[in-house]
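Beneath this line is the structure, given in structure tokens, with notes to follow.
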């Protein structure tokens, strides 16, 4: 009898271990678990939560933490953006150049940071990362050209200004890695009308604004953050595939991941805004990041090749100390030996979706800190807090 009971206990233990280690897919909603059950320190996460609630990091809208495919911590923080930015919403400025009620008035709380005050949050430049994912999807489906394809191939060169040998060498890969070489200054505040991105968004034809820019250096030579280069990808995608990138996303990325609610802004000429126009719920953005954590596989289907994922998160260019850049992915060194990378997106106002592959973590932080000089959550601080909360580090 004792042998039989021991056998039952062993079988129960093995089944429990199997369930703990089984692949989890959030096909509808994220499975929920306690931080402790996924080897994360609850007190550490609560302390982080308390710091956010106190205003230490400015206007953070949400924190979502997933480990081993399970939602272990989620918190939303309410802010009265009508009151906070109401006066700025009616003043013409670099962040409000066009229609005060329009989608590119960043102080207008009907559009920012939540779409029509709902649950979909502006991703801003995290849209660039999602665009890169979509290029990966199209590549896996053999519907997108090689990244060495020159950009001018998609244009009537008789209508493009400032063509020289450098612009002729410009490729899709250069657009993906922020090494396009255009004469472009996006280092100024976005409230500064001299910022090239701000000028682009105030223009009618964003594509012409970008492609007509003169070149400053050889493509591939150095990193220079350029939202216009990311916008060119919307145009190139349509030219190369014959399909609109938003519709493509709906069919071949969002639908397989179970994402049904989203909003994607359009530029004046009708193209999807691939430099900053996408809105998603944090739980759905986390699915896209989880897809990459799982090497492009979703519930047994390879939406993006493992090779594309690896190339996307392999450093292509150095940005600064301990920071590199891939295919629209920010790569942050961390740890004592700086050999590990966190894979992240980065969006104006405090959008920080991140993957810590070593610890099987996906986290999403959203916010709306759009006035310089105010406190805000930095990705390095989020990484530090998350890594310190892991209780099963070796």
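Throughout, read-outs are computed from the coordinates displayed, never taken from laboratory work. Since the model is a prediction, treat every value here as computed from it, not as a measurement. Heads up, the Cβs are rebuilt from the backbone with ideal geometry, glycines too, and the neighbour counts pull from every protein chain shown.
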Burial order of peptide ranges 46-57, 275-286 (average beta-carbon count within 10 Å, highest first): 275-286, 46-57
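Sorting 153, 67 on the 10 Å Cβ count, fewest up front, what's the list?
Working: 153 13, 67 24.
The fewest-first ordering by Cβ neighbours comes to 153, 67.
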Whole-Å distance, taken between Cα centres, linking segment 261-301 and segment 30-70: 23 Å
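With a 10 Å radius around each residue's Cβ, average the other Cβ atoms per peptide and rank 141-149, 265-273, 226-234, highest first. Numbers along the way, then the final one.
Details: 141-149: 13.4, 265-273: 17.7, 226-234: 26.2.
Result, highest mean Cβ count within 10 Å first: 226-234, 265-273, 141-149.
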Length gained when the stretch residue 251-residue 117 is fully extended (0.36 nm per residue, less Cα-Cα span): 45.6 nm
Using alpha-carbon coordinates, inclination of helix 2-21 to the longest axis of the chain, degrees: 10 degrees
Inter-label distance for residue 222 and residue 336, nm, one decimal - labels placed 7 Å from Cα along Cα-to-Cβ: 3.7 nm
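What is the gain in length, in nm to one decimal, between residue 83 and residue 305 on full extension, counting 0.36 nm per residue of separation less the C-alpha to C-alpha distance? Don't jump to the answer; show the numbers that get you there.
Working: separation 222, 0.36 × 222 = 79.92 nm, distance 4.60 nm.
Stretched fully, the residue 83-residue 305 segment lengthens by 75.3 nm.
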Principal-axis tilt of helix 126-140 within the chain, Cα atoms, nearest 10 degrees: 80 degrees
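Could you work out the percent of alpha carbon pairs in segment 236-394 separated by over 26 Å, rounded to a whole number? Let's see the in-between values first.
Working: 3962 of 12561 pairs.
Of all Cα-Cα distances in segment 236-394, 32 percent exceed 26 Å.
Tell me, in nm to one decimal, what length is gained between residue 239 and residue 54 on full extension, where the rule is 0.36 nm per residue of separation less the Cα-Cα distance?
Values: separation 185, 0.36 × 185 = 66.60 nm, distance 4.85 nm.
In short, 61.7 nm is gained.
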Estimated FRET transfer efficiency when R0 is 41 angstrom, pair residue 159-residue 189 (beta carbons, to 0.05): 0.80
Between segment 71-105 and segment 312-333, the Cα center-to-center distance that results, in Å: 30 Å
Relative contact order (%) - the chain, alpha-carbon pairs under 8 angstrom, separation at least six: 21 percent
Degrees separating the helix 282-293 axis from the principal Cα axis of the chain, which is the longest one: 80 degrees
Cα principal axis extents for the chain, largest first, Å: 88, 49, 41
Segment 181-307: proportion of alpha-carbon pairs further apart than 17 angstrom, %: 65 percent
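Please say if segment 73-131 is rounded, prolate or oblate, where rounded means a/c under 1.5 for a ≥ b ≥ c the square roots of the C-alpha gyration tensor eigenvalues, and otherwise the choice is prolate for a/b larger than b/c and oblate otherwise? Provide the component values of the computation, followed by the final result.
Details: a/c = 2.38, a/b = 1.29, b/c = 1.84.
The shape class here is oblate.
Can you say what percent of the DSSP beta bridges in the chain, counting only those with both residues inside, are antiparallel? Round to 5.
On the way: 44 of 45 bridges.
Given both bridge residues lie in the chain, the antiparallel proportion sits at roughly 100 percent.
So what's the back-of-envelope 222 nm ellipticity for the chain, counting only DSSP H runs of four-plus at -39500 (n - 2.57) apiece and dividing by all residues, rounded to 500?
Working: 13 runs with 129 residues, N = 394.
After summing the helix terms and dividing by the residues of the chain, the value is -9500 deg cm²/dmol.
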